[in-house]
Amino acid sequence: MKLLIVNPNTTRSMTATIADSASRVANATTEITAVTSSMGPVSIEGYYDEAFAVPGLLVEIARGEQAGAQAAIIACFDDTGLDAARALAGIPVIGICEAALSATAFIAQRFTVVTTMDRSRLPLEHLVHRYGMGGRCKVRAADIPVLSLEDPQSNARDRLRNEIAAALREDKAEAIVLGCAGMADLTADLRREFGVPVVDGVAAAVKQAESLVALGLSTAKRGAYATPVSKSYLGLMASFAPSAIVKA
C-alpha cells in the first residue's frame, strides 16, 4: 500500500525523525512518503500555530491523494486539521493522538500523555475527552520547546524523562504516550529505561492505516465528513476553495 505521512510544521529534520519511526514498523509492502508542509510555523505549539499549519497540511493531503496515496497520517499530536483533512480527502486520514490513545487503551487502564509545552496541555486534554479517554488518561507537559528535542546541547530529553517519572509515580500511570511526533526516536530507549509500555503515535498510526486499507475502509462521506461544498474563497485563501485546492 501507499501511505502518505504529513508533517504539518515546516521543519524537515523532524520529518526525517517521523519517517524513520514509521519505516521501523511498516509492513514490507508499505511504501511510505513523508512530506514537510511548505508553509506555516516551524513548530506547532498551541492554538495559534495550529491554525496557520492547516492550509499547508491540506495542500499536502490533496497532493498525496492525487499521487496515489491510499491513506494519510497527520504527524502532529494536536491532530492538527484532522477534521478538515477527512472532509477533503477520499482516503482514510489518521491523527497520531487518536491513534496513540486508542492503541494504549488496549494495553493499559491508566496512562499519561507527556507532551512538550504547557500551552499544549489543555488542547490535548480536550482531545483526550473527545476520544473518550477522559477517565483513563492524564496529560502532562515537560515545558520544553518542540525544537529543543533536536538540540543535543539542550536538557529537553532529561526534562522529558523527569516528567515521565513523575507520571508513573504520581498518576500511577501504567503506560506512557509520547505527546509529540518529534519524540518518536526516543520510544525504544524510554521503554527500556522505565520498564513500561511507551507509545509513539506515529508508529501506532502506521499500523492503523495499514489495517484500514486492508479492510477496505475509508472515511464516511455523508454528514460531518461530507465533501466540502463548492464555493469561492476570496483574497489570500482563493487557492483553498474546494475546487481549487486539489489543483494546487
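The values are calculated or read from the model by the stated rules, or taken from the named source; none is laboratory data. These figures come from a predicted structure and were not determined experimentally. Every residue, glycine among them, receives a Cβ derived from its backbone with ideal geometry; neighbour counts consider all protein chains shown.
Annotations
- Residue within region 134-150 that is farther than 16 Å from residue 96 by Cα and touching a Leu at 6+ places or on another chain (Cβ under 6 Å) present: yes
- Region 128-143: number of residues that are touching an Asp or Glu at 6+ places or on another chain (Cβ under 7 Å) and of a type outside the set (A, V, I, L, M): 4
- Residue match in region 104-116 (condition: of a type in the set (Phe, Trp, Tyr) and in contact with a Leu (Cβ under 7 Å, 6 or more places away or on another chain)): no
- Counting only helices (runs of 4 or more DSSP H) that fall entirely inside region 22-109 and contain at least 3 residues that are more than 26 Å from residue 243 (Cβ to Cβ), the qualifying elements are 47-66, 96-105.
- Test: residue 210 is acidic (Asp, Glu) and in the same structural domain as residue 55 (by TED's automatic domain parsing): yes
- Selected residue (criterion: farthest from residue 57 (Cα to Cα)) from residues of region 99-124 that are surrounded by 16 or more Cβ atoms within 10 Å (Cβ to Cβ) and without any contact (Cβ under 8 Å) to a residue 60 or more places away in the chain: 105
- Test result for residue 77, in contact (Cβ under 8 Å) with a residue 24 or more places away in the chain and over 17 Å from residue 9 (Cβ atoms): no
- Only residues that are part of a helix (DSSP H, G or I), touching a helix residue (DSSP H, G or I) at 6+ places or on another chain (Cβ under 9 Å) and not hydrophobic (A, V, I, L, M, F, W, C) were counted in region 160-188, giving 4.
- Candidates 232, 154, 218, 211, filtered to the one that is surrounded by fewer than 19 Cβ atoms within 10 Å (Cβ to Cβ) and in a helix (DSSP H, G or I): 211
- Scanning region 92-145 for residues that are hydroxyl-bearing (Ser, Thr, Tyr) and over 16 Å from residue 80 (Cβ atoms) returns 102, 104, 112.
- Region 235-248, residues that are assigned to a loop (DSSP other than H, G, I, E, B) and in contact (Cβ under 8 Å) with a residue 12 or more places away in the chain: 246, 248
- Output for region 110-148, where each listed residue is part of a loop (DSSP other than H, G, I, E, B) and not small (Gly, Ala, Ser): 110, 116, 117, 131, 133, 136, 143, 144, 145
- Of everything in region 4-21 that is assigned to a helix (DSSP H, G or I) and of a type outside the set (Ser, Thr, Tyr), the residue that is farthest from residue 59 (Cα to Cα) is 20.
- Residue count for region 184-202 satisfying the condition of being without any contact (Cβ under 8 Å) to a residue 40 or more places away in the chain and within 17 Å of residue 116 (Cβ to Cβ): 3.
- Across region 20-39, the qualifying residues are those that are among the β-branched types (Val, Ile, Thr) and in contact with a helix residue (DSSP H, G or I) (Cβ under 7 Å, 6 or more places away or on another chain), and the one among them that is surrounded by the most Cβ atoms within 10 Å (Cβ to Cβ) is 35.
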